[in-house]
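Student: Here you go, one structure.
The values are calculated or read from the model by the stated rules, or taken from the named source; none is laboratory data. Just so you know, these numbers come straight off a predicted model, no measurement behind them. Here the Cβ positions follow ideal geometry from the backbone for every residue, glycine too, while neighbour counts run over all protein chains shown. Protein only, heavy atoms only, side chains kept; ligands, DNA and RNA dropped before computing areas. Shrake-Rupley method; radii C 1.70, N 1.55, O 1.52, S 1.80 Å.
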Amino acid sequence: IIIKEQNDPFTGYGKNGFGDKIMLKEWIDAAAKRKKASLVLKNGSYADVFCGVVRKGDIAIENGRIVGIGNYDGEEEIDVSGKVVLPSFIDGHIHIESTQLSPEEFAHLTVPHGTGTIIADPHEITNVCGIQGTEYIAEASRNLPLDVVIQLPSCVPSTAFETSGCVIDGAETAEYLQREYIHGLAEMMNYPGVIYADPDTLQKLEAAIEKGERIDGHAPGLQGDLLNAYLCSGVATDHECVTPEECLEKISKGMYVHLRLGSSTNNIVNKFPAVNAATMRRFLLCTDDKHAVDLMERGHVDDILRLCVANGMDPMWAVTMCTLNPAECYNLKYKGAIAPFYHADIAVVDDLRNFTVRYVFKGGKLVAKDGEALFDTKRRYLPETVLHTVRLKRPLEPSDFVLRLKGDKAHTIGVMEGEVLTKDEVVSVRSENGDVVCENDVLKLAVVERHHGTGNIGLGLLKGIGLKGGAVGITVAHDSHNIILLGDNNADMAAAGNRLAEIGGGMAVCSHGHCDSVRLDIAGLMSSEDAPVHAANSAKLMEKVYALGVDRKYDAFLTLAFMSLAVIPEIKLTDMGLFDVRTFSFMDINA
């Protein structure tokens, strides 16, 4: 176990600020030019997100705060001629675990791309490890040059129709919300529990309301009276809108709406018709789930900004959506703008089209330059509480994946490109010796319980990804994170599941008995490796998956990880069976 030093200069997000001392005289004296500011960014332009324009002016910084804009001299000066000074970016909703990186490596990868703050929902690791998982994210993030604003997961598990590693009920939620590092209640995915006034769900919401915490939402497709009922719980945001019309209705009823660009959810442009001069202040940008390889190759929030502008969005609108808007939504005081008394969390970019980040400042300290981090994350916090989390009742056997049908038609999970939504597709299937034959792009899907050794295995069918001659598996399976396997033969599916148990969690691909894998030793979700090492290993493994015929428009592992998410329509598979999200009940695979 490696415990980081506690005297690092970055003390993280706290209840009363962001670690800097109150130094009013120094700030006022520097602003009034009675003394030189410690640092001045000279000769550049800056984004005025309050008025939606780009202005010219020096930016004076003193003891962690911006103290002046205009014409200033500094003890240290950096010439930013021809560049644009922006507030550092805020990712409005993300699960660090979905990057498959430790918090330290996540920061090392994203801060050079201009990210200064994230709204983090440790939902994934908490479903595996309980509150110890939340504590791990908080402690590992404490001394990073990145504000990790942690919300308490609201749905552990997300439904009662799957087996998770832990359960956090209403009473425990009320208790945990009092902890210093908790700053809100994370996405309330159990919208049926809200709408039908489930007592335990309401206890969680009431505790957050009484404490004055922001409550994030998660309600794809919810409209009309049911949306009204959902909003009467105090929910304030949603990152699961499907259409522009849904965005507009939710904004009209007081919500903030996240525009999301992740690794497997990339339909952000479809919502752009809802963005206009009247609505843009209610939109936030977020990644939600983004893999390490994508972070390295494409960037983080800067990637979303490039996409927005390339598709015709006003650059200042886009910048406001990842700075001032989320700062106001999540009550991050004096964040998200270039203005006096605001925190000197700054990203300096070449222009407002490519958003190439040249300098990143955190509390006025230079923490990244030209894409390179200037801080060290080699010392990691890695407690035993988040290790060794894959526990099977016994080794898996090919016979565990025999799927017997009553007839020749079955319900299959149809994947949708760029969506976590699925379709319920009835297809014709053929069986031999009492077992389904995988053909015509119909594959077997299995969810194997891995927390308590129950022996539960849910079996189903999936259509539309293209795998042939093998199996893939992963211990990232939203949201309870059991082992999820996809294959066209029972032997490779068993081999993939056993490999995952052997390595303590991760990703695996098996073909004709030969298995390759990447280890995710932290809760079966994240790697303790350096980001470049993990990304390279993941990319190699992905190529082995594509060699088995998987369509390259899919990230096979991340797509697979969402196939057990039993709160996203239409149908999903859990360790307890095939689940119809439309009726919130189990369904018969036979059609």
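Student: Please work out how much length the chain gains when fully extended from Lys553 to Lys21, using 0.36 nm per residue of separation minus the C-alpha to C-alpha distance, in nm with one decimal.
Tutor: 186.6 nm
Student: What does the convex hull of the Cα atoms of the range 399-461 come to per residue, in Å³, rounded to a whole number?
Tutor: Looking at the range 399-461, the number lands at 104 Å³ per residue.
Student: Report, in cubic angstrom per residue, the convex hull volume of the C-alpha atoms of the range 393-539.
Tutor: In the range 393-539, the Cα hull volume divided by residue count equals 118 Å³.
Student: Next up: If you take the square roots of the eigenvalues of the alpha-carbon gyration tensor of the range 182-225 and sort them as a ≥ b ≥ c, do you get rounded (a/c under 1.5), prolate (a/b over b/c) or oblate?
Tutor: Since a/c reaches 1.5 but b/c is at least a/b, the shape of the range 182-225 is classed as oblate.
Student: Measuring from centroid to centroid over Cα atoms, what is the spacing of the range 454-509 and the range 169-183 in Å?
Tutor: Result: 34 Å between the Cα centres.
Student: Same structure, new question: Which log10 I(q)/I(0) values, to two decimals, does the range 238-290 give at q = 0.15, 0.16, 0.29, 0.31 Å⁻¹ under the Debye formula with one point per Cα?
Tutor: Result of the Debye calculation: -0.34, -0.39, -1.20, -1.33.
Student: Now a separate question. Taking a ≥ b ≥ c as the square roots of the Cα gyration tensor eigenvalues, with a/c under 1.5 meaning rounded and otherwise prolate when a/b beats b/c, else oblate, which class fits the range 189-342?
Tutor: It comes out prolate by the Cα gyration axes.
Student: About the Cα centre of the range 454-591, how large is the charge dipole given +1 on each Lys and Arg Cβ and -1 on each Asp and Glu Cβ? Please answer in debye to the nearest 20.
Tutor: Dipole size: approximately 260 debye.
Student: Taking GluC sites (Glu not before Pro) that fall in a DSSP loop and have at most 10 other Cβ atoms within 10 Å as cut points, what is the longest piece of the chain between them?
Tutor: Longest run free of exposed loop sites: 181-591.
Student: Could you work out the per residue convex hull volume over the alpha carbons of the range 263-404, in cubic angstrom?
Tutor: Roughly 227 Å³ of hull volume per residue.
Student: State the percentage of accessible surface on the chain attributable to carbon and sulfur atoms; use a 1.4 Å probe and exclude ligands, DNA and RNA.
Tutor: 49
Student: If you don't mind, there's one more thing I want to ask. Roughly what would the spin-label model give for Arg34 and Val53, points 7 Å off Cα along C-beta, in nm?
Tutor: 3.2
Student: If you count only protein heavy atoms with a 1.4 Å probe, what accessible area per residue comes out for the range 102-176, rounded to a whole Å²?
Tutor: Per residue, the range 102-176 has an accessible area of 18 Å².
Student: How about the range 533-591: which trypsin sites (Lys or Arg not before Pro) there lie in a loop by DSSP and see at most 12 other Cβ atoms within 10 Å?
Tutor: Qualifying residues, ordered by number: Arg552, Lys553, Arg582.
Student: Rule-of-thumb check for the range 492-582: C-alpha Rg over 2.2 N^0.38 Å?
Tutor: 1.17
Student: Under the rule a/c < 1.5 gives rounded, and otherwise a/b versus b/c splits prolate from oblate, where does the range 359-453 land using the Cα gyration tensor?
Tutor: Here the range 359-453 falls in the oblate category.
Student: By how many nm would the segment from Glu417 to Val242 lengthen if fully extended, with 0.36 nm per residue of separation less the alpha-carbon distance?
Tutor: 61.7 nm is the gain from fully extending Glu417 to Val242.
Student: Subtracting the Cα-Cα distance from 0.36 nm times the residue separation, let me have the gained length for Ala310 to Lys393 in nm, one decimal.
Tutor: Gain in length upon complete extension: 24.8 nm.
Student: List the trypsin sites (Lys or Arg not before Pro) within the range 408-510 that DSSP assigns to loop and that have no more than 16 neighbouring Cβ atoms inside 10 Å.
Tutor: Taking the range 408-510 and a limit of 16 other Cβ atoms within 10 Å, the loop trypsin sites (Lys or Arg not before Pro) found are Lys468.
Student: Could you work out the helix-only [θ] at 222 nm for the chain, with each DSSP H run of four or more residues adding -39,500 (n - 2.57) and the total divided by the number of residues, to the nearest 500 deg cm²/dmol?
Tutor: My calculation for the chain gives -6500 deg cm²/dmol from helical runs alone.
Student: Nearest 0.05, what FRET efficiency do Lys540 and Arg430 give at R0 = 35 Å with Cβ-Cβ as r?
Tutor: Approximately 0.50, to the nearest 0.05.
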